[in-house]
């Protein structure tokens, strides 16, 4: 599958099979995040792999959008490692870097036949406390991963896009 086919076929999976993700495939997904570009190559990303029943239950108790996935990646960044732009009042690259990392992992997962759903609807403080994350880690997204259930399907709005000339302006 070429990149265009990969990018257009991927959708947010919200129903997963109980099938575990093979360790080599999980490592391949994590490696895709590991090689993602980051500002000044500071690599501030922090990825927490949540597989145990205990931690999946902790997470599900504070976030209803885990969809019973066998693996959930909590993706964030270390504030002490993120590049700060002095020309923009010290704006941190951390959130952008974490988003790029998450995108790489999401697309690699799909290439391997593993579904995901980018989750941003949660209380970051509650999730950080449930997982015992350090104070210097800012959580940016949750990424439930797993093989799509047989009834998994794209959301109704999945293929509706704004016109390209509505989002792109040539100067």
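Going by the structure shown, is residue 93 closer than 21 Å to residue 153 by Cα and touching a residue at least 24 places away in the same chain (Cβ under 8 Å)?
no
For residue 18, work out the one condition from (1) surrounded by fewer than 16 Cβ atoms within 10 Å (Cβ to Cβ); (2) in contact with a strand residue (DSSP E or B) (Cβ under 9 Å, 6 or more places away or on another chain); (3) at pLDDT 95 or above it doesn't fulfil.
Failing condition for residue 18: (3).
Only one of these is part of a loop (DSSP other than H, G, I, E, B) and at pLDDT 95 or above: 133, 26. Name it.
Being part of a loop (DSSP other than H, G, I, E, B) and at pLDDT 95 or above holds for just one of 133, 26, which is 133.
Could you check how many residues of the range 31-64 are within 17 Å of the chain's Cα centre (by Cα), part of a helix (DSSP H, G or I) and more than 18 Å from residue 137 (Cα to Cα)?
So the answer is 4.
Which ones in the range 90-121 are out of contact with any helix residue (DSSP H, G or I) (no Cβ under 6 Å at 6 or more places or on another chain), part of a loop (DSSP other than H, G, I, E, B), modelled with pLDDT of 95 or more and surrounded by fewer than 20 Cβ atoms within 10 Å (Cβ to Cβ)?
Of everything in the range 90-121, those that are out of contact with any helix residue (DSSP H, G or I) (no Cβ under 6 Å at 6 or more places or on another chain), part of a loop (DSSP other than H, G, I, E, B), modelled with pLDDT of 95 or more and surrounded by fewer than 20 Cβ atoms within 10 Å (Cβ to Cβ) turn out to be 113, 118, 120, 121.
Criterion first (closer than 21 Å to residue 152 by Cα and either at pLDDT below 95 or more than 15 Å from the chain's Cα centre (by Cα) (or both)) does residue 6 satisfy it?
Yes; evaluated as a whole, the condition is true for this residue.
Hey, could you check the range 71-84 for residues that are more than 15 Å from residue 48 (Cβ to Cβ), touching a strand residue (DSSP E or B) at 6+ places or on another chain (Cβ under 7 Å) and touching a residue at least 24 places away in the same chain (Cβ under 8 Å) and say which is surrounded by the fewest Cβ atoms within 10 Å (Cβ to Cβ)?
Per the criteria, the residue is 79.
Of the conditions (1) on the phi > 0 side of the Ramachandran plot; (2) touching a helix residue (DSSP H, G or I) at 6+ places or on another chain (Cβ under 8 Å), residue 76 fails just one. Which one is it?
Every listed condition holds for residue 76 apart from (1).
What number of residues within the range 126-171 are over 22 Å from residue 29 (Cβ atoms), crowded, with 17+ Cβ neighbours inside 10 Å and over 16 Å from the mean Cα position of the chain (by Cα)?
The number of residues fulfilling the criteria is 1.
The values are calculated or read from the model by the stated rules, or taken from the named source; none is laboratory data. These numbers were taken from a predicted model, which means no experiment stands behind them. We place every Cβ from the backbone using ideal geometry, glycine too, and count neighbours over all the protein chains shown.
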